[in-house]
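Notes for the one structure printed next.
The values are calculated or read from the model by the stated rules, or taken from the named source; none is laboratory data. Bear in mind the structure is a predicted one, so any value in this text is a computation, not a measurement. Reconstructed Cβ throughout: ideal geometry from the backbone, glycine too, with neighbour counts over all protein chains shown. Calculation scope for accessible area: heavy atoms of the full protein, side chains included, ligands and nucleic acids excluded. Shrake-Rupley method; radii C 1.70, N 1.55, O 1.52, S 1.80 Å.
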Amino acid sequence: MEAEIQRASVETLEVLKLELIAGRWFEAQDEFLDWEPVVITPALARDLFGDEDPIGRRMTEEDDEDE
């Protein structure tokens, strides 16, 4: 599996006119979390989690090594 990582901000959703299909977008208060929230594509969600709901799941570097 190959994935590309890009940093995004609170404004990215609107600026790029992206369609959010599940979950929620970043909020300003997310900067203070002790973990990093991510947005993933449906294809990556399927690769990592199969048919399971990816929302609330953790992604690790080991996920990438498994493929």
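What the table below lists for this structure:
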{"quantity": "Qualifying positions in region 11-35 - over 19 Å from ASP53 (Cβ atoms) and among the aliphatic types (A, V, I, L, M)", "calculated": "LEU13, VAL15, LEU16, LEU18, ALA28, LEU33"}
{"quantity": "Every residue from region 1-30 that is among the polar types (S, T, N, Q) and open to solvent by less than 70 Å² (accessible area, probe 1.4 Å)", "calculated": "SER9, THR12"}
{"quantity": "Criterion violated by LEU33 - all others in (1) open to solvent by 80 Å² or more (accessible area, probe 1.4 Å); (2) free of Cβ contacts under 8 Å to residues at least 12 places away in the same chain; (3) not polar (S, T, N, Q) satisfied", "calculated": "(1)"}
{"quantity": "Pairs, first closer than 14 Å to ILE40 by Cα in region 1-16, second of a type in the set (Ser, Thr, Tyr) and in a loop (DSSP other than H, G, I, E, B), C-beta under 9 Å, six or more apart", "calculated": "ALA3/THR41"}
{"quantity": "Flag if LEU20 is under 13 Å from the mean Cα position of the chain (by Cα) and in a helix (DSSP H, G or I)", "calculated": "no"}
{"quantity": "Checking ASP63 against (1) in contact with a helix residue (DSSP H, G or I) (Cβ under 6 Å, 6 or more places away or on another chain); (2) modelled with pLDDT of 90 or more, the condition it does not meet", "calculated": "(2)"}
